[in-house]
Amino acid sequence: MISSERNNSTIDSVSGNHLTNLSAVVAVLTFRRPDDLMELLPELLKHSLQASVGYGIRQPTVLVVDNDPEGGARETVTRFGPGVTYVHEPTPGIAAARNRALAESVDVDLLVFIDDDERPTSGWLTSLLATRMRTGADGVVGPVVSAFAAPLDPWIADGGFFDRRRLPTGTEVRVAATNNLLLDLRLVRSLSLQFDESFSASGGSDSLFTRQYTGAGFTLVWCDEAVVTDVVPAERATRDWVIRRRYRIGNSWARTELALIPAHSHTLRLRAALLLAGSVRVIGGTARAALGVLGRSPRHRANGIRIAARGAGIVAGACGRTYLEYSRPTGA
């Protein structure tokens, strides 16, 4: 486990709010979404230019990591010329793609992750940089809001399945996803930190990575102005999908908690605590859902099911079970 002490003067010397002449990369991980790339890449090029003009950093490079074994995104990406770099990472799994982004950025100071199905809003990248400069934080996290390809099922909306956190700018956080995240790569390299590829098919490698980053004493702060929009296709806006996603989130959270403790420490005690926490959610969520049925309240029923599904995932993770949401068919 990485030490939580931050006493390395070399590490401290690269932190802070200095941005002039720093290099930066905006990394997009993709898997068979050419239409999304065609929409996203022009936006990223525009944001990169704005960042170089407004903050004195060298114009960020846009890096596309194609996780399709067949390299299907190459033709799409090469249309954008030298402003966009294409690399092919055939090893399946998002953690492998994230690690490839790190490997391709060994001489870069700052790395910004964004998903291929997201769209940055006005001022996105400059807001991330401004918050880092103003706060001196070691990383910056921005919000993700969802937009839907079709009208959202009211039951899903009532359950808050697509609700995400919003915090005041400058709020310190200890964990983040890589769907809207700026990191100081000099600090990442000082820890020899990588994404754990045992989480590739289950999700959660980004949560583990950022927990290790903040656990080493580095700071992540929130920037509520740096918004990206998550474009949700119809097949992901179904009751079955959102319930399974909540189960996976609970499962990944439990596995992350277990991965963060040393192998020789009180693993059984933590598993018991997770089992209790998950069981409380299952019981409480089930009771709320039942009350929703009796009281004819779709909101209570949906929220109860959401809570119970996450709790069931935590219980499964505590018992050593892994839900592989991102597993691919052979050859995919």
message: I need every pair where a residue in segment 309-322 that is in contact (Cβ under 8 Å) with a residue 40 or more places away in the chain has its Cβ under 7 Å from the Cβ of a residue that is in a loop (DSSP other than H, G, I, E, B), sequence separation at least 6 or different chains.
response: 313/323; 316/323; 322/202
Options 51, 27; residue that is touching a Leu at 6+ places or on another chain (Cβ under 6 Å), assigned by TED's automatic domain parsing to the domain that holds residue 137 and outside any strand (DSSP E or B): 51
query: Is it fair to say residue 224 is assigned by TED's automatic domain parsing to the domain that holds residue 146, surrounded by 19 or more Cβ atoms within 10 Å (Cβ to Cβ) and in contact with a helix residue (DSSP H, G or I) (Cβ under 9 Å, 6 or more places away or on another chain)?
result: no
field: Options 81, 16; residue that is over 27 Å from residue 211 (Cα atoms), small (Gly, Ala, Ser) and at pLDDT below 95
entry: 81
task: Sort out for me the strands (runs of 3 or more DSSP E) sitting completely within segment 138-206 that have 2 or more residues that are surrounded by fewer than 19 Cβ atoms within 10 Å (Cβ to Cβ).
output: 144-148
task: Sort through 262, 298 and tell me the only one that's surrounded by fewer than 21 Cβ atoms within 10 Å (Cβ to Cβ) and under 15 Å from residue 159 (Cβ atoms).
output: 298
task: Kindly state which strands (runs of 3 or more DSSP E) lie completely within segment 82-126 and contain at least 3 residues that are crowded, with 20+ Cβ neighbours inside 10 Å and touching a Leu at 6+ places or on another chain (Cβ under 9 Å).
output: 110-115
message: I need the full set of residues from segment 127-137 which are surrounded by fewer than 21 Cβ atoms within 10 Å (Cβ to Cβ) and basic (Lys, Arg), in order please.
response: 134
field: Close pairs from segment 279-301: first part of a loop (DSSP other than H, G, I, E, B), partner hydrophobic (A, V, I, L, M, F, W, C), Cβ under 9 Å, at least 6 apart
entry: 297/291
statement: Just one listed residue, out of 246, 271, is crowded, with 17+ Cβ neighbours inside 10 Å and within 16 Å of the chain's Cα centre (by Cα), and it is 246
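The values are calculated or read from the model by the stated rules, or taken from the named source; none is laboratory data. Note that the structure is a prediction, hence the values are computed from the model and not measured. Every residue, glycine among them, receives a Cβ derived from its backbone with ideal geometry; neighbour counts consider all protein chains shown.
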